[in-house]
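What follows is a short report on a single structure.
The values are calculated or read from the model by the stated rules, or taken from the named source; none is laboratory data. Predicted model, so just to flag it, every value in this text is computed and none were measured. Quick reminder, even Gly has a Cβ in these numbers, built from the backbone with ideal geometry, and neighbours come from all protein chains shown. These area figures cover heavy atoms from the full protein model, side chains too; ligands, DNA and RNA do not enter into them. Shrake-Rupley method; radii C 1.70, N 1.55, O 1.52, S 1.80 Å.
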Amino acid sequence: MLDFVQQLVSGIALGCVYGLIALGFVLVYKATEVVNFAQGDLMMLGGFFAFTFIGILGLNYWIGFAGAVAAMALFGMLAERVVVRPILGYPQFSIIMATIGLGYFLRSVAGIIWGTDDLKIETPFSQGVLRIGSLVLAYDKLSVIAATIILCALLYLFFNRTTLGTAMRASSENMLAAYYMGIPVKRVVSIVWAISAAVATCAGVLLAPITFIHSNVGLVLGLKAFPAAVLGGFGSIPGAVVGGVLIGVIESMAGFYLPQGWKDVAPYVVLLAVLLLKPEGLFGHHVRKKV
């Protein structure tokens, strides 16, 4: 039973990271109907920024964390302005290829600047453990879960209690109608990309105590976060987080209880089973087309 609880907590912690990356997928898709396949690489770059501020420049962890989030928010706006905006209106395939190209570019630049070695960020939660009887839970994993809950609560309040958040929701529902109502749609889309990059950075920094940061970590985790977004329902913000947690728990349990090799396969098996039964995802809305 203790092993089960420990694996459950580890799976939820890893799933929270998947969920935050998937959240970035969903935010950009809802605002622009663009699938940003560089989302995982934005997480990787944010992790490297945090490592630079905290590990190299020696800044306080929280100051370095905030600096990395702010830097990546600006980078997200720049990426939208330079890479995506010029080709909006072109076929979706062109935009998808542009985001894939952006991912390759970021991985190459990260390898040139920070090298190919695995890097780790020391955090205030790296060493401690919580003991409940015979159960031992690492603070780094519990901190990831707590931070994800806080971040999701802040995003909920932002989107539902602020004027800018309401404008973003309106733009995601109908961009043309929002434009005619006087909402600055281009600025809103830029801010969505900034929030998406900032959330990805949070995932990268939270991931650092659990695993190492390297130039390909964004590609690996992005390929797992994308199915999490699909599993939850690609247009659903809560679904992205729930899908990520499910993928993380399934992966953790399969790695512990099933034969070797099932750890990486089991989440996709579950994803296919869910999509066969509920093609729109767990939280998606099914739209019937009249023939």
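So for region 220-233 (the condition being more than 29 Å from A110 (Cα to Cα) and surrounded by fewer than 24 Cβ atoms within 10 Å (Cβ to Cβ)), does at least one residue qualify? Walk me through it before giving the result.
Of all residues in region 220-233, those more than 29 Å from A110 (Cα to Cα) come to 231-233.
If we keep only those that are surrounded by fewer than 24 Cβ atoms within 10 Å (Cβ to Cβ) too, we end up with 233.
Checking region 220-233: at least one residue is more than 29 Å from A110 (Cα to Cα) and surrounded by fewer than 24 Cβ atoms within 10 Å (Cβ to Cβ).
Quick test of your reading of the structure: A177 fulfils all but one of (1) without any contact (Cβ under 8 Å) to a residue 24 or more places away in the chain; (2) in contact with a strand residue (DSSP E or B) (Cβ under 7 Å, 6 or more places away or on another chain). Name the failing condition by number.
Condition not satisfied by A177: (2).
Filter region 175-230 down to residues that are assigned to a helix (DSSP H, G or I), more than 16 Å from the chain's Cα centre (by Cα) and of a type in the set (F, W, Y), then give me how many there are.
Of the residues in that region, 2 qualify.
Given the structure, is G111 without any contact (Cβ under 8 Å) to a residue 40 or more places away in the chain, over 30 Å from Q7 (Cβ atoms) and surrounded by 11 or more Cβ atoms within 10 Å (Cβ to Cβ)?
Taking the combined requirement at face value, the residue does not satisfy it.
When you go through (1) in contact with a Gly (Cβ under 9 Å, 6 or more places away or on another chain); (2) not in a helix (DSSP H, G or I); (3) not acidic (D, E) one by one for S126, which number turns out not to apply?
(1)
Return the residues of region 58-72 that are of a type in the set (G, A, S) and buried (at least 20 other Cβ atoms within 10 Å of the Cβ); say none if nothing qualifies.
First pass over region 58-72, keeping only residues of a type in the set (G, A, S): 58, 64, 66-68, 70-71.
Correct list: G64, A68.
Does any residue in region 181-210 that is under 20 Å from A31 (Cα atoms) come within less than 9 Å, Cβ to Cβ, of a residue that is open to solvent by 10 Å² or more (accessible area, probe 1.4 Å) and of a type in the set (V, I, T) six or more places away or on a different chain, and which pairs are these?
Pairs found: V189/T32; V192/T32; W193/T32; A197/V69; A198/V69; V199/V69; T201/V69.
Quick check, is F234 assigned to a loop (DSSP other than H, G, I, E, B), of a type outside the set (G, A, S) and either at pLDDT 85 or above or closer than 28 Å to S172 by Cα (or both)? I'd like the intermediate steps shown before the answer.
On the way: assigned to a loop (DSSP other than H, G, I, E, B): yes; of a type outside the set (G, A, S): yes; either at pLDDT 85 or above or closer than 28 Å to S172 by Cα (or both): yes.
Criteria met by F234.
So if I check each of A208, A203, which one is of a type in the set (A, V, I, L, M), crowded, with 20+ Cβ neighbours inside 10 Å, modelled with pLDDT under 85 and within 24 Å of Q6 (Cβ to Cβ)?
Details: A203 fails: modelled with pLDDT under 85.
The match here is A208.
What about S252, is it more than 28 Å from F158 (Cα to Cα), touching a residue at least 12 places away in the same chain (Cβ under 8 Å), outside any helix (DSSP H, G or I) and of a type outside the set (F, W, Y)?
Working: more than 28 Å from F158 (Cα to Cα): yes; touching a residue at least 12 places away in the same chain (Cβ under 8 Å): yes; outside any helix (DSSP H, G or I): no; of a type outside the set (F, W, Y): yes.
When the stated conditions are applied, S252 does not pass them.
With respect to G243, determine if the residue is open to solvent by less than 50 Å² (accessible area, probe 1.4 Å), under 27 Å from L106 (Cα atoms) and not in a helix (DSSP H, G or I). Talk me through it step by step, then tell me what you get.
Details: open to solvent by less than 50 Å² (accessible area, probe 1.4 Å): yes; under 27 Å from L106 (Cα atoms): yes; not in a helix (DSSP H, G or I): no.
So G243 does not fit the description; no.
Working only within region 247-268, note down all residues that are open to solvent by 70 Å² or more (accessible area, probe 1.4 Å) and within 28 Å of K30 (Cβ to Cβ).
Passing the criteria: only Y268.
So that you can scan it fast, the table gives a plain yes or no per residue for (1) within 18 Å of the chain's Cα centre (by Cα); (2) within 24 Å of F48 (Cα to Cα):
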| site | (1), (2) |
| --- | --- |
| L102 | yes, yes |
| S143 | yes, yes |
| Y156 | yes, no |
| T162 | no, no |
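Of these, A31, A79, A50, A22, which one is buried (at least 23 other Cβ atoms within 10 Å of the Cβ), in contact (Cβ under 8 Å) with a residue 40 or more places away in the chain, under 17 Å from the mean Cα position of the chain (by Cα) and over 19 Å from L106 (Cβ atoms)? Give the derivation first.
Numbers: A79 fails: over 19 Å from L106 (Cβ atoms); A50 fails: over 19 Å from L106 (Cβ atoms); A22 fails: over 19 Å from L106 (Cβ atoms).
Of A31, A79, A50, A22, the one residue that is buried (at least 23 other Cβ atoms within 10 Å of the Cβ), in contact (Cβ under 8 Å) with a residue 40 or more places away in the chain, under 17 Å from the mean Cα position of the chain (by Cα) and over 19 Å from L106 (Cβ atoms) is A31.
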